[in-house]
Each structure stands twice: as C-alpha cells, then as structure tokens.
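This report concerns only the one structure given below.
The values are calculated or read from the model by the stated rules, or taken from the named source; none is laboratory data. All values derive from a computational prediction rather than experimental measurement. Note: ideal-geometry Cβ built from the backbone for every residue, glycine included; neighbour counts use all protein chains shown. The area values use the complete protein model at the heavy-atom level, side chains included, leaving out ligands, DNA and RNA. Shrake-Rupley method; radii C 1.70, N 1.55, O 1.52, S 1.80 Å.
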Amino acid sequence: MSGESLERYFRMIRDDRQSRPSGRLWCPAADVYRSKDGWIVKVDLAGIKPADIKITLDDDVLRISGSRRDGTCGEGVSHYQLEITYSRFEKMIKFPRSIEHAAIERDYRDGLLIVRLREEQAKAARR
C-alpha cells in the first residue's frame, strides 16, 4: 500500500468515527409465525425499555414503534466506534387479512418482543 493510499485509508476511518449512526428511523428485524389461533410476531429490540414500545393494529397492519436511547454517553464521554443505532424505530407488518380486532398479548424478555395476536379470542368476544 502506498503512502497516499494509507493516508486515505486512515482519513476514511477518522471520518467514519465522526459520524454517529443516529437520528434516522431504523427498522428492527422480525419473525412472523402463524399459529392455530392467530399470529406470533417476534421482534429484535435489544436495549429498549418495554415502556418505550408502542403497538397498534390498523386493519391488516401491525405497527410496532418506539425509541432506543443511549444512556452511556454523557458529559465527558467521547466515542471511538458506534455501530448501534440510537433513534426512533418502526416495524410495520402487513397480514393477508384484517387483524384489527385480534386480542394482543405482549411479552418482552432478553431483548425480544413477542406479540401474540389471538384471532379466536377476538371472534368469541364479538359474538
């Protein structure tokens, strides 16, 4: 590697460390399962407080939104490397039919939000 290439490489590293990956909306990973009485949605939300998670149903769309904040950085702390996104997030999952009246159960543990949408309970409640 030439001296100029090496200098350009280190300049890129410095520039990358100066930009913090926050302020943008991010979309967490999710798995969706079909069960005999509805749906199970598992969303990777490590580092997020359960109180900061909002779940809404609108016709055939499940929307999970909130915010992940960085409580580590404060006065007198500078960063060297930042790869975790700290900002608002939103995950929208479209289902093949309306789920608006499904009963919602949520469980949050080990950084995973598990949402159960029970359609059978919702049908029984409407009768």
Take segment 40-63 and flag every residue that is of a type in the set (A, V, I, L, M, F, W, C) and under 11 Å from I114 (Cβ atoms).
-> I40, V41, V43, L45
Output the number of residues of segment 1-52 satisfying the condition of being at pLDDT 95 or above, over 11 Å from the mean Cα position of the chain (by Cα) and open to solvent by 60 Å² or more (accessible area, probe 1.4 Å).
-> 4
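Are there strands (runs of 3 or more DSSP E) fully within segment 19-111 with at least 1 residues that are free of Cβ contacts under 8 Å to residues at least 40 places away in the same chain? List them. Step through it out loud before you land on a result.
Details: elements: 30-35, 38-44, 53-58, 61-67, 88-94, 103-109.
Once the strands (runs of 3 or more DSSP E) in segment 19-111 are filtered for at least 1 residues that are free of Cβ contacts under 8 Å to residues at least 40 places away in the same chain, what remains is 30-35, 53-58, 61-67, 88-94, 103-109.
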Which residues, counting only those in segment 64-80, are within 21 Å of the chain's Cα centre (by Cα), of a type in the set (S, T, N, Q) and either over 23 Å from K42 (Cα atoms) or open to solvent by 100 Å² or more (accessible area, probe 1.4 Å) (or both)?
-> T72
